[in-house]
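S.K.: Handing you a structure now.
The values are calculated or read from the model by the stated rules, or taken from the named source; none is laboratory data. Remember, it's a predicted structure, so these values are computed and weren't measured experimentally. Cβ placement follows ideal geometry from the backbone for every residue including glycine, while neighbour counts extend to all protein chains displayed. Calculation scope for accessible area: heavy atoms of the full protein, side chains included, ligands and nucleic acids excluded. Shrake-Rupley method; radii C 1.70, N 1.55, O 1.52, S 1.80 Å.
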Amino acid sequence: QVQLVESGGGNVQAGGSLRLSCVASKRYAMGWFRQAPGKEREFVAAISWSDAATMYADSAKDRFTISRDNAKNTVYLQMNSLKPEDAATYYCAARASFTSTSGQSADYDYWGQGTQVTISS
């Protein structure tokens, strides 16, 4: 059974940083998505199975960094210069059958339970 467990969410002041972690039961191409109340889930960042390729939403470029530690089956999302509009529940997701990156939620087979990020202005 595939398990994805996120951690690292919390409350941070605007301009601050957080690092989210997602531990998977095995190695996958992974992505991070987020969903704010009343809004649709949106893509944030993705990393390929080999970590050779990454992809970012425009809102995340230059502020967020996705990385992975394959020895730990863990993917990270380092978030810097956080803004109030970054507040959301963040989900990690895994692609079971493909090793490449994707920004489409429909391309992901497994999802974590989410970790909440709140931003104080």
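S.K.: Condition first: open to solvent by 20 Å² or more (accessible area, probe 1.4 Å) and either of a type in the set (A, V, I, L, M, F, W, C) or part of a loop (DSSP other than H, G, I, E, B) (or both). Now tell me which residues in the stretch 87-104 satisfy that.
M.R.: Answer for the stretch 87-104, where residues must be open to solvent by 20 Å² or more (accessible area, probe 1.4 Å) and either of a type in the set (A, V, I, L, M, F, W, C) or part of a loop (DSSP other than H, G, I, E, B) (or both): A87, A96, S97, F98, T99, S100, T101, G103, Q104.
S.K.: Being of a type outside the set (A, V, I, L, M) and over 24 Å from G15 (Cβ atoms) is the filter; apply it to the stretch 105-121 and report the residue that is surrounded by the fewest Cβ atoms within 10 Å (Cβ to Cβ). So that I can check it myself, show each step before the final result.
M.R.: Applying the first criterion (of a type outside the set (A, V, I, L, M)) to the stretch 105-121 yields 105, 107-116, 118, 120-121.
Those left that are additionally over 24 Å from G15 (Cβ atoms): 105, 107-113.
Numbers: S105: 16, D107: 16, Y108: 23, D109: 13, Y110: 17, W111: 17, G112: 22, Q113: 11.
Restricting to residues being of a type outside the set (A, V, I, L, M) and over 24 Å from G15 (Cβ atoms), the top hit is Q113.
S.K.: A follow-up question, please. Within the stretch 1-29, can you find the residues that are of a type in the set (D, E, K, R) and out of contact with any Gly (no Cβ under 8 Å at 6 or more places or on another chain)?
M.R.: Those that are of a type in the set (D, E, K, R) and out of contact with any Gly (no Cβ under 8 Å at 6 or more places or on another chain): K26, R27.
S.K.: Could you check how many residues of the stretch 21-36 are part of a loop (DSSP other than H, G, I, E, B) and among the hydroxyl-bearing types (S, T, Y)?
M.R.: The total comes to 2.
S.K.: Sticking with this structure for a sec: Quick one: in the stretch 64-104, of everything that is under 15 Å from the mean Cα position of the chain (by Cα) and of a type in the set (F, W, Y), which residue is nearest to N11 (Cα to Cα)? Outline the logic, then answer.
M.R.: Here is the first cut: in the stretch 64-104, the residues under 15 Å from the mean Cα position of the chain (by Cα) are 64-69, 73-80, 82, 86-95, 101-104.
If we keep only those that are of a type in the set (F, W, Y) too, we end up with 64, 76, 90-91.
Details: F64: 17, Y76: 18, Y90: 13, Y91: 16 Å.
Applying the filter and picking the extreme gives Y90.
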